[in-house]
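The values are calculated or read from the model by the stated rules, or taken from the named source; none is laboratory data. Values in this document were obtained by computation on a predicted structure and should not be read as measured data. As a convention, Cβ positions derive from the backbone with ideal geometry for all residues, glycine included, and neighbour counts pool all protein chains shown. Surface accessibility is based on the protein's heavy atoms, side chains included, excluding ligands, DNA and RNA. Shrake-Rupley method; radii C 1.70, N 1.55, O 1.52, S 1.80 Å.
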Amino acid sequence: MGRYLIKRLLWLIPVILGVAVLIFTVMCFVPGDPARVMLGASATQAEIDALHEQLGLNDPYILQLGRFLYKTFIKLDLGSSYINKVPVVTALKERFPRTLIIALFACLMQIVIGIPAGITSAVHHNKWQDRIIVIIAMIGISIPGFWLAQMLILFFSHKLGWLPAFGISGWTSYIMPVFCSALMGIANTCRFCRTYMLEQIRSDYVVTARAKGMSETTIRYRHA
């Protein structure tokens, strides 16, 4: 087990490097000028050229890539944001607690909703409860998160005015992000629990428990 974990962790190194090179390459060759974004539309060409020279954007691609990898993985310097002009590490520190809160509550929703829904679906296999839960789970898997987020903002923020569209102004600001983050996880957890529960309630030990006269509640929720 220890060797397997070490092997998997070592495989992360080339994967992370490959992703970093891929993202940097894409950002280098897509249309757009970081210098113009940083200086704004009113910047003169002389100012843009000066910033190009300062950032090293005039250097060859290989040199830029080498400098990026050295600063990122050797010096652990992620640079500064082109938009906010603040160090990326500082921005990450500011946003990490909020991201952690969203992730934790999304995971909690997956457990609290997904597991009972999957068990209920399996217990009522091929009945109306099972069909409704399966349809909802399929919808949850199919809906793109970014589209759902936009629809929620349009409906609950702009039309009804119940929830804030952006920023953190209280606990209500977390409702839509948590729901969007949790929906696909709830659907996947539900489907997994349904499949696994169907296997368990058809197994030999469940048949034996029924033969001994145990109640269905005990068999389902304690043993299966």
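Could you point to the residue in Thr208, Ala43, Met27 farthest towards the positive end of the chain's charge dipole, with +1 and -1 charges on the Cβ of Lys/Arg and Asp/Glu respectively?
About the Cα centre, the residue reaching furthest to the positive side is Thr208.
Would you rank Thr217, Thr172 by solvent-accessible area, highest first, keeping every protein chain in place and using a 1.4 Å probe?
Solvent-accessible surface, decreasing: Thr217, Thr172.
Amide H of Leu163 versus every other amide H placed in the peptide plane: which residues, excluding those fewer than 5 positions away on the same chain, fall under 5 Å?
When sequence neighbours closer than 5 places are left aside, the close amide H contacts are Ser157.
For the stretch 214-222, in order, what is each residue's ³J(HN,Hα) by Karplus, 6.51 cos²θ - 1.76 cosθ + 1.60 with θ = phi - 60°, in whole Hz (x at glycine and Pro)?
So the J values, rounded to whole Hz, are 5, 6, 4, 4, 5, 5, 6, 9, 9.
For Ser80, enumerate residues with amide H under 5 Å from its amide H, sequence gap 5+ or separate chain, H modeled in the peptide plane.
Here the answer is Val88, since their amide H atoms fall under 5 Å of that of Ser80.
Let me know the charge dipole size of the chain about its Cα centre in debye, to the nearest 20, where only the beta-carbon of Lys, Arg (+1) and Asp, Glu (-1) is charged.
My answer is approximately 1080 debye.
Quote the charge dipole size of the stretch 109-224 about the Cα centre in Debye, to the nearest 20; the model charges only the Cβ of Lys and Arg (+1) and of Asp and Glu (-1).
I would put it at about 240 debye.
Can you compute 3J(HN,Hα) from phi for each residue in the stretch 99-105, using the Karplus curve 6.51 cos²θ - 1.76 cosθ + 1.60 with θ = phi - 60°, rounded to whole Hz and x for Gly and Pro?
4, 5, 4, 4, 5, 5, 5
Among Ala187, Ala41, Ala117, which one moves the most in a GNM of the chain with springs linking Cα atoms closer than 10 Å?
Ala41
Could you sort His52, His223, His124, His158 by their accessible area in this structure, using a 1.4 Å probe and putting the largest first?
The ordering from most to least exposed comes out as His158, His223, His124, His52.
In Å², what does the accessible area per residue of the stretch 14-75 work out to with a 1.4 Å probe?
Normalised by residue count, the accessible surface of the stretch 14-75 is 69 Å².
Which is farthest toward the positive dipole end of the chain among Tyr82, Ile153, Asn126, measuring Cα position about the Cα centre, with Cβ charges +1 (Lys, Arg) and -1 (Asp, Glu)?
Value: Asn126.
How much of the accessible area of the chain, probe 1.4 Å, is carbon plus sulfur, in whole percent?
Carbon plus sulfur share of accessible area: 69 percent.
Would you kindly derive the ³J(HN,Hα) couplings of the stretch 190-200 from the backbone phi angles with the Karplus curve 6.51 cos²θ - 1.76 cosθ + 1.60 (θ = phi - 60°), listing them in order in whole Hz, with x for Gly and Pro?
The phi angles translate into 4, 5, 5, 5, 4, 4, 5, 5, 4, 5, 6 Hz.
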